[in-house]
Each structure stands twice: as structure tokens, then as C-alpha cells.
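Take a look at the following structure, please.
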Amino acid sequence: MRRSVNSKHLGNSSCSIMLLLLFLFLAQPIINAASDASSIILRIRWPNGSMGKVAVNTKKDENNNNSLRSIISNFPQYSSLLEGESKEKLKIHDDNNILLDDTKSPIELGLKHGSLLSIISSSPTKSISKSNKKNTPPLFHPFPDLAKKDARQVRYNLARQRQQRKGNASYGDLLERQSNLHTVDPQGKGTIHRVYMCATAAQRFNAGGHKKALLLGTVQRERKNAAAGSRTKTSLSSQPTEDDFCPVAKVHALWEPPDAEDLSSLKAWSRVQKLASYLGIVPIGWIFSYDKEEEDSDDDEKSCLLSASELLFGAQLQIQQMKQRGREEGAKIVTLAMQSSDGATEAFQLSDVCVQMTAEGLLLDSSSSILVTTRHEVIVDGRETKELDPLLCLVNTALLSHEGMYVLSTKSTIKKKTGTLTLKTRKALLKALEEEEESPPKKSKNKSAATKDTSSLLSLLCDFSTLLVLDKLMGDDTKTEELCQCVSKWARGQKKGTQIP
């Protein structure tokens, strides 16, 4: 009987011990919380979206009178923010977006454990644009759909993010960063389907060395399949649709500046474009020559025909034409690269994103490397980089040959050094004028007035370089326009009845 009582007593005591241990285990967090009730944790959201936290002592002590700003100033993010902002422009808001007095302590503000504080800075756009608003003209966007934020603002934001401690960027911050960067992908199709290069102009330009020239011509529409237009039409033949045609560029003239001028300076362009408008042609691109040794170089950095400077010039030419002729017509610009040794030529167009980045000042001219350096990062193949391969900015274009209307012969009619007429050209013009004076007048069937034969003189004037020199000698826009109208009619096949006024 005694043994059963003892065993029962031992069983009850063991249950009591187990209950006591379980109580202590469950009550430990409450005890710890009671012992640590003198400190709270505050959460902090920084302007870039990253989060942080800080422990604040809430004991009422004479030494514990730190203000909210002094507590936050211990973070490295705070010091980086002060480089672009003043203390007065950094504001602290609570969970309810109420502005807090940062000179008071968390105890005075009544902050609780887990309270969220948001650090808000004034927009740096105002400080940047305010100082440069008077001096900076409005930026022209060739392709507004591809335009990003102000390039100055993007560079400012990226510089601030690099100054901050690594590892604090949130996922939203990364998405916002990439949304402000240009994505460079290969472009499969351009605004021009194919280019017709004047064979006579190409032979004149192929004289060796590094040269640049402006291409002048027309942009028109023709069938995508040229052979389809020559088929015999019957009553069952279908009518051509809009999809059967494509835009093509035809080069009718070539202007190569004298040695005293540079094509990149664009000084004489106003006069050149004005004379071209009299003839019914517009700038449709440019051509440059290069040595074969550059292409055959074993250096990987010399594997592309277009260098950074040539890529920038082509983009600037397109931007200029888009400003003058409109975004749609001005975008029809081609770039031709000719090998000086054998005249092999390739045609390209620049991608839309390349032209847009040039307009934003993102691309830098680098003569030491074929790679294009950018002011800040761009996205290529999903990665951020500051070096861009020019091949990603090119659109291959078909190149065909034809005879232009305003190129007289394969030999230049002007002197390269001075830009004046050559001796042979002057003699030919004088001879044509003498023959015109000596030739007997011809009577027209419809008119009683007699006309002189000016066919030989008009044939010599069907050269853009010759007309440009004569325009400078005459110095009269009215006479130049009348002369160009006669030359344009003659070049287009209206030879009958066309006379020089």
C-alpha cells in the first residue's frame, strides 16, 4: 500500500516539473520583451527605395536626448544624400505621411516599435534644370518613343546610386534604373529598302585616301520586286497594293568639300542644300573611304568599318535633316563605306536607338578605339555596359548602281585644294559659249522668235560641282534658280525647247 502511494506521489511531482518547464519556455519571450522594453526598432525607407532599421533607446535619461536627425545621420546613405542636397531639403515623414520635426527625439514624437520613417528629398531635377534652363536649348528627340529622361538627370541619379553602399538597392530600384537606360538591340529593317549609287560619282570619288562626301538625290517608291513590274499585264492581273512598293534612295550628285573645308563642320551646307533644292534633290546620306589595311587588321578593335567618329557624324547628319525636313522624311539617310583600293562599297543605315542616343549626348567620340564609349551605362544582351559595338547600330541595306543626273564625268570638274573650276572645265565652257554665239539661230515651229542651240552648254552644266562654283561667281539667287531650272529640265529628258535664259 505504501509503495503505491509513493509511486503516485512521484508521478504527480514529475508532472508538476514538466508543467513548470513548459511555462518557463513559453514565458521567456515575454520576459525578454519586458526586459528590453526600453528600446524600440524603427524602420527607415530611403529615397532610392532601400530599407534600413535602427534601434532607439527609450529610457528617460538626461543623456538620452538625441534628435531624430542625429540618429539617422549615422547611416552612410545619409552622408551620400547630403552631397546633392542640403539638410533643409531632406524631410522625414511617418507612416501616415505626416511631416515630423526631426529636431525632437523619438520619445517626444511618440514613435512606437516598428514605426516606418520615410526620408524624402526634393527632386534634383529642379536644381539642375534651374541653373541650365536659360543656357540650354530644348532637346530635339528624333524618336520620341525611344527617348529617356533628361540625360543630365539620369547621370545624376546613377552617380548618387554608385556613391551609396552596395547591397542596399531594392528590386524596384533596379527596375527603375533599367527603365532609364537605353536597350541596344540589332535592328532588322531601316527606312530605305535599297540604295542606287551613281556609278560615275563612285568612280570620281574613288581616288584613294580618307575622304568624305555628301550624297544628294531623291527618295521615291518602286516595286519591291523589280521583275514583277516588267511582266505583261492582262485583264486577270491583280492591281498592285501598298505592300508591293518600298522606299528607295537614288544618288544623283555628290559634293566633296575642298581641302580648306571639312564636311563635319557643315559650314557650306546651307548653300549646298539651297542649290540642291533648285535642282529638286535633297541630302540623302554621305560616303567615306577607308584603306584596306584597316579592314584586314588582326586587331579585334579594327573589325568594323565604321569608327566611333563616323558613327556620330552619320547620326548628326540624320538629326539635322530630321529637324529641317521632318522626322519621317529626314530619317531617310544612308551611309556608304568605300574601300579605296578597289572601290568595293557597302551601304548601311543607322538604327533608331543610335540616333536617339546621339541626340541625347550619350555617345562619345573616341579615336583610340573602334568601340563607342557612352556617358553612362546602356543595356546590351541584358547587361549594363559603357562600351558599345558599332555593328549593333547598323542596318544593312541593299546597294545597286545607276547613272545620276548631275555628275558629268568620272574626273572632277573642280580643283580639290581651292574649290575652283579646273582648266579643262573652263576651256570646255568657253568653247560651248563660243559655239552658241556662232551657231545660226533656229526657228521654232510654234514661235516666230529664233532660238540658239545651247545643248552642248547645258550638257556641261549638268554637274553639281560646276553649278556650285558658278553660283558663287554669279552671286544672284534669282539667276541661279533660273539656270538650275533649265539644267533640271535638260537632265530629266525635257531637251526639246529648253533654253538658257
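The values are calculated or read from the model by the stated rules, or taken from the named source; none is laboratory data. These figures come from a predicted structure and were not determined experimentally. Cβ: placed from backbone, ideal geometry, glycine included. Neighbour counts: every protein chain shown. SASA here: full protein model, heavy atoms, side chains in, ligands and nucleic acids out. Shrake-Rupley method; radii C 1.70, N 1.55, O 1.52, S 1.80 Å.
Quick check on this structure: which one of Ser127, Ser122, Ser179 is at pLDDT below 60, open to solvent by 60 Å² or more (accessible area, probe 1.4 Å), within 30 Å of the chain's Cα centre (by Cα) and among the hydroxyl-bearing types (Ser, Thr, Tyr)? Can you show your working first?
Working: Ser122 fails: open to solvent by 60 Å² or more (accessible area, probe 1.4 Å); Ser179 fails: at pLDDT below 60.
Testing whether each residue is at pLDDT below 60, open to solvent by 60 Å² or more (accessible area, probe 1.4 Å), within 30 Å of the chain's Cα centre (by Cα) and among the hydroxyl-bearing types (Ser, Thr, Tyr) leaves just Ser127.
Might you check whether a residue that is part of a strand (DSSP E or B), open to solvent by less than 70 Å² (accessible area, probe 1.4 Å) and modelled with pLDDT of 70 or more occurs anywhere in segment 45-53?
Filtering segment 45-53 down to residues part of a strand (DSSP E or B) leaves 45, 51-53.
From the residues that got through so far, the ones that are open to solvent by less than 70 Å² (accessible area, probe 1.4 Å) too are 52.
Keeping just the survivors that are modelled with pLDDT of 70 or more gives 52.
Checked segment 45-53: at least one residue is part of a strand (DSSP E or B), open to solvent by less than 70 Å² (accessible area, probe 1.4 Å) and modelled with pLDDT of 70 or more.
Go through (1) touching a residue at least 60 places away in the same chain (Cβ under 8 Å); (2) of a type outside the set (Lys, Arg); (3) closer than 28 Å to Thr335 by Cβ for Thr418 and report which single condition fails.
The one condition Thr418 does not meet is (3).
Let me ask something else about it. Is one or more of the residues making up segment 328-337 surrounded by fewer than 19 Cβ atoms within 10 Å (Cβ to Cβ) and modelled with pLDDT of 90 or more?
Taking segment 328-337 first, the residues surrounded by fewer than 19 Cβ atoms within 10 Å (Cβ to Cβ) are 328-329.
Pick out the ones that are also modelled with pLDDT of 90 or more and you get 328-329.
Yes, because at least one residue in segment 328-337 is surrounded by fewer than 19 Cβ atoms within 10 Å (Cβ to Cβ) and modelled with pLDDT of 90 or more.
If you go through segment 472-501 one residue at a time, how many are assigned to a loop (DSSP other than H, G, I, E, B), in contact with a Lys or Arg (Cβ under 9 Å, 6 or more places away or on another chain) and closer than 17 Å to Leu408 by Cα?
So the answer is 1.
May I ask you to say which residue of Gly361, Gly382, Gly343 is within 30 Å of Thr466 (Cβ to Cβ) and modelled with pLDDT under 90? Give the derivation first.
Details: Gly361 fails: within 30 Å of Thr466 (Cβ to Cβ); Gly382 fails: within 30 Å of Thr466 (Cβ to Cβ).
None of the others qualify; the one that does is Gly343.
So Ala359 fits all but one of (1) surrounded by 19 or more Cβ atoms within 10 Å (Cβ to Cβ); (2) touching a strand residue (DSSP E or B) at 6+ places or on another chain (Cβ under 9 Å); what number is the exception?
The one condition Ala359 does not meet is (2).
Out of all the residues in segment 371-419, which are assigned to a loop (DSSP other than H, G, I, E, B), surrounded by fewer than 17 Cβ atoms within 10 Å (Cβ to Cβ) and under 33 Å from the mean Cα position of the chain (by Cα)?
Initial filter on segment 371-419 (assigned to a loop (DSSP other than H, G, I, E, B)): 371, 381-382, 389, 403-413, 415-419.
Now restrict to residues that are surrounded by fewer than 17 Cβ atoms within 10 Å (Cβ to Cβ): 381-382, 389, 403, 409-411, 415-418.
Once the filter is applied, which keeps residues that are assigned to a loop (DSSP other than H, G, I, E, B), surrounded by fewer than 17 Cβ atoms within 10 Å (Cβ to Cβ) and under 33 Å from the mean Cα position of the chain (by Cα), segment 371-419 yields Asp381, Gly382, Asp389.
What number goes with the only condition from (1) modelled with pLDDT of 80 or more; (2) surrounded by fewer than 18 Cβ atoms within 10 Å (Cβ to Cβ) that Lys445 does not pass?
Every condition holds for Lys445 apart from (1).
So, of the residues in segment 423-440 that are at pLDDT 85 or above and within 16 Å of Leu467 (Cα to Cα), which turns out to be most open to solvent (accessible area, probe 1.4 Å)?
Lys424
Residues of segment 189-220 being assigned to a strand (DSSP E or B), more than 17 Å from Leu263 (Cβ to Cβ) and either hydrophobic (A, V, I, L, M, F, W, C) or at pLDDT below 90 (or both), which ones?
Val195, Met197, Cys198, Val219
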